[in-house]
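The values are calculated or read from the model by the stated rules, or taken from the named source; none is laboratory data. Keep in mind it's a predicted model, so treat the numbers as computed, not measured. Because the Cβ atoms are built from the backbone with ideal geometry, glycine has one as well, and the counts that use them run over all protein chains shown. Ligands, DNA and RNA are excluded from the accessible area calculation, which covers all protein heavy atoms including side chains. Shrake-Rupley method; radii C 1.70, N 1.55, O 1.52, S 1.80 Å.
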Amino acid sequence: MDRRLDDLDRRLLSALHAYGMDARVAAVARVLSRSGEHGALWLAAGLAGAAADRERRGAWLRATALIATTHLASMGVKRIVRRPRPTHVEPRVRTAGRHSFPSSHATSAAAAAVAYGTLGGYVVAPLAAAMCLSRLVVGVHYPTDVAAGAALGAAAAGLGARWIGAGHG
């Protein structure tokens, strides 16, 4: 990575991580981070949508499958890129792995915002944005990790939007 971009990445992370000095902000960021582990929040939301919206059950299940797939794809990219997690800030949560690029939390969050947005779940987008920011506040990703994850998730869900709406549920 270009040295200037790397320096900017570190400085932005330090600035956002500093918001976690407020105990309330840190607590919310930890809850968001934990609930997003392995895409759990988004998968549960999709299953709840499928249970509540019988007419579009199939669409909710396809959206949920798409989110799970994007999460797995991000984990595959992590194994290829192998970028270490930040070490210049103290992490506020434990992580499932050592690699940070791309953020799988951001991937599944952005995928959920797009996929569930196609089904009218517009409230997901602000929660997904908060999830992405939480990864910086807890100090386990660089901003470029989060941006790349969000781009991957949004692009994949955007490409899969027609499949989500396919059929009659």
May I ask you to say which residue of Leu16, Leu41, Leu12, Leu8 is within 15 Å of Pro91 (Cβ to Cβ) and at pLDDT 90 or above?
Leu16
List the number of the failed condition for Thr69; all other conditions in (1) within 18 Å of Val140 (Cα to Cα); (2) surrounded by fewer than 20 Cβ atoms within 10 Å (Cβ to Cβ) hold.
(1)
So the check is Cβ under 7 Å with 6+ separation or different chains; which pairs have a first residue in the range 24-36 that's in contact (Cβ under 8 Å) with a residue 40 or more places away in the chain and open to solvent by less than 40 Å² (accessible area, probe 1.4 Å) and a second one that's of a type outside the set (A, V, I, L, M, F, W, C) and not in a helix (DSSP H, G or I)?
Ala26/Arg92; Ala29/Arg92
Looking only at the range 88-106, decide whether some residue is exposed (fewer than 15 other Cβ atoms within 10 Å of the Cβ), touching a strand residue (DSSP E or B) at 6+ places or on another chain (Cβ under 6 Å), over 22 Å from Val25 (Cα atoms) and touching a residue at least 12 places away in the same chain (Cβ under 8 Å).
no
Out of the residues in the range 107-126 that are assigned to a helix (DSSP H, G or I) and without any contact (Cβ under 8 Å) to a residue 40 or more places away in the chain, which is farthest from Asp6 (Cα to Cα)?
Gly117
Candidates Ala157, Ala151 - the one that is at pLDDT 95 or above, out of contact with any Cys (no Cβ under 6 Å at 6 or more places or on another chain) and part of a helix (DSSP H, G or I)
Ala151
